[in-house]
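I have placed the structure first, in the form of structure tokens, so that the comments after it can refer back to it.
Any read-out appearing in this document is the output of simple, stated calculations on the displayed coordinates, not a laboratory observation. Since the model is a prediction, treat every value here as computed from it, not as a measurement. Cβ coordinates were reconstructed from backbone atoms using ideal geometry, including for glycine residues, and neighbour counts include every protein chain displayed.
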Amino acid sequence: MEGKHLRAGFTLIELMLVVMIIGTLAALVIPNLAGRAEKARITAAKSDIESNIPTALDLYELDNGAYPTTQQGLAALREKPTTPPLPKNWNGPYLKKKYLDPWGNVYQYVFPGVHNKDGFDLYSFGKDGVEGGGDDVANWEN
């Protein structure tokens, strides 16, 4: 067994090759994932605006005969309103948590709606947190 050397560890070239391969894979994968997070936030906001919050508002309306006023807002879904018109059959909470949009801002609610004359307007200001700007998500848009 003399003359045989046991090799332990990696050479610098082998380590550099592995780092280059990982860097190349990251360069290919990261750009594809970068836009996905924002798309996921938009999808979550649409789901809240088109389904989750309207379901709670419909239950409130079913119990009380009308939707909460703009002044009462979405808070009326979590706590019984103390401003008129007082709900006669409040059976909440209709929502378990305070609804924030995926960007951490409060959803906007208007009743009666400006855009939905027979119902309510429900929307998020989107990523920039400012009305307009092209990134708003609303229940009157397709």
Using a Gaussian network model of the chain whose springs link C-alpha atoms within less than 10 Å, name the residue from 77, 57, 28 with the highest mean-square fluctuation.
28
With each label point set 7 Å from Cα along the Cα-Cβ vector, what nm distance links residue 63 and residue 100?
2.5 nm
Measure off 7 Å from each Cα along the Cα-to-Cβ vector at residue 131 and residue 71, then give the distance between these two points in nanometres to one decimal.
1.9 nm
Quick query: amide H of residue 107 versus all other amide H atoms, modeled in the peptide plane; which residues come in under 5 Å with a sequence gap of 5 or more or a different chain?
101
Long-range lysine pairs (8 or more apart or interchain), segment 4-98, Cα under 23 Å
11
With contacts defined as alpha carbon pairs under 8 Å and 6 or more residues apart, what's the relative contact order of the chain in percent?
17 percent
For the chain, diffusion coefficient by Stokes-Einstein and Kirkwood Rh (Cα), 37 °C, 0.692 mPa s, µm²/s:
175 µm²/s
Please report the net charge: other residues with Cβ closer than 14 Å to the Cβ of residue 61, K and R +1, D and E -1.
-2
Based on Cβ point charges of +1 for Lys and Arg and -1 for Asp and Glu, what charge dipole magnitude is obtained for the chain about its Cα centre, in debye rounded to the nearest 20?
540 debye
Rounded to whole Å and sorted largest first, what semi-axes of the equivalent ellipsoid does the C-alpha gyration tensor of segment 60-142 yield via the square root of 5 times each eigenvalue?
24, 15, 10
